[in-house]
1. Got at least one residue in segment 105-126 being in contact with a helix residue (DSSP H, G or I) (Cβ under 7 Å, 6 or more places away or on another chain) and among the small types (Gly, Ala, Ser)?
2. Return only the number of the condition from (1) in contact (Cβ under 8 Å) with a residue 40 or more places away in the chain; (2) farther than 27 Å from residue 68 by Cα that residue 158 does not satisfy.
3. Tally time: how many residues in segment 51-60 are in a helix (DSSP H, G or I) and either surrounded by fewer than 17 Cβ atoms within 10 Å (Cβ to Cβ) or small (Gly, Ala, Ser) (or both)?
4. Within segment 102-127, which residues are within 21 Å of residue 154 (Cβ to Cβ) and either under 12 Å from the mean Cα position of the chain (by Cα) or surrounded by 17 or more Cβ atoms within 10 Å (Cβ to Cβ) (or both)?
5. With respect to residue 138, determine if the residue is more than 20 Å from residue 93 (Cα to Cα), within 21 Å of the chain's Cα centre (by Cα) and not assigned by TED's automatic domain parsing to the domain that holds residue 57.
6. Would segment 120-129 turn up any residue that is of a type in the set (Ser, Thr, Tyr), assigned to a loop (DSSP other than H, G, I, E, B) and in contact (Cβ under 8 Å) with a residue 12 or more places away in the chain?
7. Going by the structure shown, is residue 132 farther than 19 Å from residue 103 by Cα and surrounded by fewer than 15 Cβ atoms within 10 Å (Cβ to Cβ)?
8. Given the criteria closer than 30 Å to residue 58 by Cα and not aromatic (Phe, Trp, Tyr), does residue 113 qualify?
Amino acid sequence: MSSTDTPKKEVTSQEAILKAAIEEFAERGVDGARIEAVAREANFNKSLIYRYFNDKRGLFEAALQNKLQERSDTVEKIPVNISEILQYYFEENLRDQNYVRVLLNEAQQNNGAPIIDEPWRREYYQNHINRLKKSQEEGIISDDFDPVCLMLICTALVFFPATLPQLAQLISGHPVDSEEFQAQWKDCISLLGQLLQPGK
């Protein structure tokens, strides 16, 4: 290896299992996912999965937490500008379809049962609400909006094209992965971000 080469990060067994788990949950949902399929994809014995995560529910919690933590770690590097944050999440949701599909499958299969790992996930979103509150206190975002409702609006904006791409295409006339749609949606997000500034 030359001095200019960057050494590759070694993937741990847990990381490989969590990556395979996200793919399995995205394809089959929580109810339909199989530990055997995750083990086969990760190239580890399923007994190792049970040792790490106890059961399928524990594996789902860990896989989803891993995804949310990835996003939480990254967003701290993004400027507070609301338009840039919205554009970032819009792009991430188009890029990371497995994450979006996991959430969709979870919603479709939920029959009124408690949300899996609700306290941790609620804290994740509360941290984002707190960021919005801070921006309002600093005068960066208008405080005309309740921060919780604003969080719901922002979430809808960044998830809609990825979760209902056929509707986005029917309305706009362009596939969501096209340059035309993405430029149009980013312009829309940017304008909405400007309108959220005080005095707009």
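The values are calculated or read from the model by the stated rules, or taken from the named source; none is laboratory data. Predicted model only: the values in this text are computed from it and were never measured. Cβ coordinates were reconstructed from backbone atoms using ideal geometry, including for glycine residues, and neighbour counts include every protein chain displayed.
1. No.
2. Among (1) in contact (Cβ under 8 Å) with a residue 40 or more places away in the chain; (2) farther than 27 Å from residue 68 by Cα, residue 158 violates only (2).
3. Pass one, segment 51-60, residues in a helix (DSSP H, G or I): 51-53, 56-60.
When the remaining residues are screened for being either surrounded by fewer than 17 Cβ atoms within 10 Å (Cβ to Cβ) or small (Gly, Ala, Ser) (or both), the result is 51-52, 57-58.
Summing the residues that are in a helix (DSSP H, G or I) and either surrounded by fewer than 17 Cβ atoms within 10 Å (Cβ to Cβ) or small (Gly, Ala, Ser) (or both) in segment 51-60 gives 4.
4. Of the residues in segment 102-127, the ones within 21 Å of residue 154 (Cβ to Cβ) are 102-104, 106-107, 115, 118, 120-127.
Result: 102, 103, 104, 106, 121, 124, 125.
5. Values: more than 20 Å from residue 93 (Cα to Cα): yes; within 21 Å of the chain's Cα centre (by Cα): no; not assigned by TED's automatic domain parsing to the domain that holds residue 57: yes.
No: the conditions fail for residue 138.
6. Step one: of segment 120-129, the residues of a type in the set (Ser, Thr, Tyr) are 124-125.
This time we only want the ones that are assigned to a loop (DSSP other than H, G, I, E, B), so: none.
No; the residues of segment 120-129 include none that is of a type in the set (Ser, Thr, Tyr), assigned to a loop (DSSP other than H, G, I, E, B) and in contact (Cβ under 8 Å) with a residue 12 or more places away in the chain.
7. Answer is no for this residue.
8. Values: closer than 30 Å to residue 58 by Cα: yes; not aromatic (Phe, Trp, Tyr): yes.
In short, yes.
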